[in-house]
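**Student:** Before I ask anything, let me first share the structure, which is written out below as structure tokens.
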Amino acid sequence: MSLLLALLAAGCAGTDWASISQQATGLRASCESQLTSGAIKTRLAAEQCANPAIHDLYARAGWPDMDILDAYLAKREAIAAQWDRNAISPEEARAELAQANVVQNSELQQRATNRAAGVAALRANMPVICTRRGPTLICQ
């Protein structure tokens, strides 16, 4: 899952979102390898293997946009189900998965931009308080 840019744009201080993203990628890879080995029989089952763990990983870390993540994970399951039924070709499935990722990242970037604009608006309306420390004037 390619969430790193959006994770960083979310601005959640103190959380190592790069590490969370790598863990999510590992969870998905583990389930996909079970599909390849035959332990999991369908692409939908592979998604259902990975998605709850990925959801929990982000929820525990305090990801602020769980609704976008949940929509993305549901879309992946819908695509996998179509692929399993041969309603779409493997190429179409990969294209739809890539598009779902683009949509998710765009929505996350828009939310991050909106949050940043909100913070900037709050700061613009806050009174400025200045104090002098020796020859230095510090304004906040």
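**Student:** When you go through (1) assigned to a helix (DSSP H, G or I); (2) aliphatic (A, V, I, L, M); (3) modelled with pLDDT of 95 or more; (4) surrounded by 18 or more Cβ atoms within 10 Å (Cβ to Cβ) one by one for residue 7, which number turns out not to apply?
**Tutor:** With (1) assigned to a helix (DSSP H, G or I); (2) aliphatic (A, V, I, L, M); (3) modelled with pLDDT of 95 or more; (4) surrounded by 18 or more Cβ atoms within 10 Å (Cβ to Cβ) applied to residue 7, the lone miss is (3).
**Student:** Moving on to the next point. Please determine whether any residue of region 16-36 is modelled with pLDDT under 95 and part of a loop (DSSP other than H, G, I, E, B).
**Tutor:** Yes: one or more hits.
**Student:** Could you figure out which of (1) assigned to a helix (DSSP H, G or I); (2) within 13 Å of the chain's Cα centre (by Cα); (3) crowded, with 17+ Cβ neighbours inside 10 Å isn't true of residue 49?
**Tutor:** Only one criterion in (1) assigned to a helix (DSSP H, G or I); (2) within 13 Å of the chain's Cα centre (by Cα); (3) crowded, with 17+ Cβ neighbours inside 10 Å is unmet by residue 49, namely (2).
**Student:** Here are the criteria: (1) of a type in the set (A, V, I, L, M, F, W, C); (2) at pLDDT below 95; (3) not in a helix (DSSP H, G or I). Tell me which single one residue 40 does not satisfy.
**Tutor:** Among (1) of a type in the set (A, V, I, L, M, F, W, C); (2) at pLDDT below 95; (3) not in a helix (DSSP H, G or I), residue 40 violates only (2).
**Student:** A follow-up question, please. Is it fair to say residue 82 is within 10 Å of the chain's Cα centre (by Cα) and either in a helix (DSSP H, G or I) or at positive phi (or both)?
**Tutor:** Spelling it out, it is not the case that residue 82 is within 10 Å of the chain's Cα centre (by Cα) and either in a helix (DSSP H, G or I) or at positive phi (or both).
**Student:** Also, I was wondering about something else. Take residue 87 and tell me if it is in a loop (DSSP other than H, G, I, E, B) and modelled with pLDDT of 95 or more.
**Tutor:** yes
**Student:** Taking region 51-92, which residues are touching a residue at least 24 places away in the same chain (Cβ under 8 Å) and among the hydrophobic types (A, V, I, L, M, F, W, C)?
**Tutor:** Answer for region 51-92, where residues must be touching a residue at least 24 places away in the same chain (Cβ under 8 Å) and among the hydrophobic types (A, V, I, L, M, F, W, C): 53, 54, 57, 61, 63, 68, 69, 71, 73, 80, 81, 83.
**Student:** Now a separate question. Scanning for something surrounded by 13 or more Cβ atoms within 10 Å (Cβ to Cβ), of a type outside the set (Lys, Arg) and not in a helix (DSSP H, G or I), does region 106-126 turn up at least one residue?
**Tutor:** There is no residue in region 106-126 that is surrounded by 13 or more Cβ atoms within 10 Å (Cβ to Cβ), of a type outside the set (Lys, Arg) and not in a helix (DSSP H, G or I).
**Student:** Evaluate the following for residue 96: is it assigned to a helix (DSSP H, G or I), surrounded by fewer than 17 Cβ atoms within 10 Å (Cβ to Cβ), among the charged types (D, E, K, R) and without any contact (Cβ under 8 Å) to a residue 40 or more places away in the chain?
**Tutor:** So residue 96 does not fit the description; no.
**Student:** Still on this structure: So, in region 11-25, how many residues would count as being out of contact with any helix residue (DSSP H, G or I) (no Cβ under 8 Å at 6 or more places or on another chain) and open to solvent by 40 Å² or more (accessible area, probe 1.4 Å)?
**Tutor:** The total comes to 5.
**Student:** Could we say that residue 121 is modelled with pLDDT under 95 and farther than 22 Å from residue 14 by Cα here?
**Tutor:** yes
**Student:** I would also like to ask the following. Residues of region 43-83 being of a type in the set (Asp, Glu) and touching a Leu at 6+ places or on another chain (Cβ under 9 Å), which ones?
**Tutor:** Those that are of a type in the set (Asp, Glu) and touching a Leu at 6+ places or on another chain (Cβ under 9 Å): 47, 65, 77.
The values are calculated or read from the model by the stated rules, or taken from the named source; none is laboratory data. Since we're looking at a predicted model, the values are computed, not measured. Here Cβ is always computed from backbone atoms with ideal geometry, including for glycine, and neighbour counts include all displayed protein chains. Surface areas here come from the heavy atoms of the whole protein model, side chains and all, with no ligands, DNA or RNA. Shrake-Rupley method; radii C 1.70, N 1.55, O 1.52, S 1.80 Å.
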